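Reading through the structure tokens given below for one structure.
Each value in this text was obtained by applying a stated rule to the coordinates, not by laboratory testing. Since we're looking at a predicted model, the values are computed, not measured. Positions of Cβ are backbone-derived with ideal geometry, glycine not excepted, and every protein chain shown enters the neighbour counts.
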Amino acid sequence: MNELDAVRLNFTPESLIALDVILAFVLFGVALDMHVADFKGILTSPRGTLIGLLAHSVLCLLYTSPSPRDRTRSRMPSSA
């Protein structure tokens, strides 16, 4: 087993609130840098966005689906 696979993160409810606040500030900072032209670019040439969304959906389904060798277990670490 890889050492990184053995790492477990345990958050208390208070630390989860702090993490949520920090992530909210990061996402807000990213959103401040967006302009209307960014969204117009998606509408005028949606090919890259559609390919990304399709790839994301397919890869997420493949990652979370049960293994063909063992149909009783999911590969998600949280359900182990």
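Quick one: what are the phi-derived ³J(HN,Hα) couplings along segment 25-39, Karplus 6.51/-1.76/1.60 with θ = phi - 60°, whole Hz, x for glycine and proline?
For segment 25-39, the Karplus curve yields 5, 5, 5, 5, x, 5, 5, 5, 8, 8, 10, 4, 4, 4, 6 Hz.
Tell me the Kirkwood hydrodynamic radius of segment 1-64 in angstroms, computed as one over the mean inverse distance between distinct C-alpha pairs.
Numbers: mean 1/r = 0.0638 Å⁻¹.
This gives a value of 15.7 Å.
Under the 0.36 nm per residue contour assumption, what length would be gained going from the current alpha-carbon distance of L54 and F28 to full extension?
Values: separation 26, 0.36 × 26 = 9.36 nm, distance 2.58 nm.
That pair, L54 and F28, stretches by 6.8 nm at full extension.
In nm, to one decimal, how far is the modelled label at S65 from the one at V7, with both set 7 Å along Cα→Cβ?
Spacing of the two 7 Å Cα→Cβ label points: 3.0 nm.
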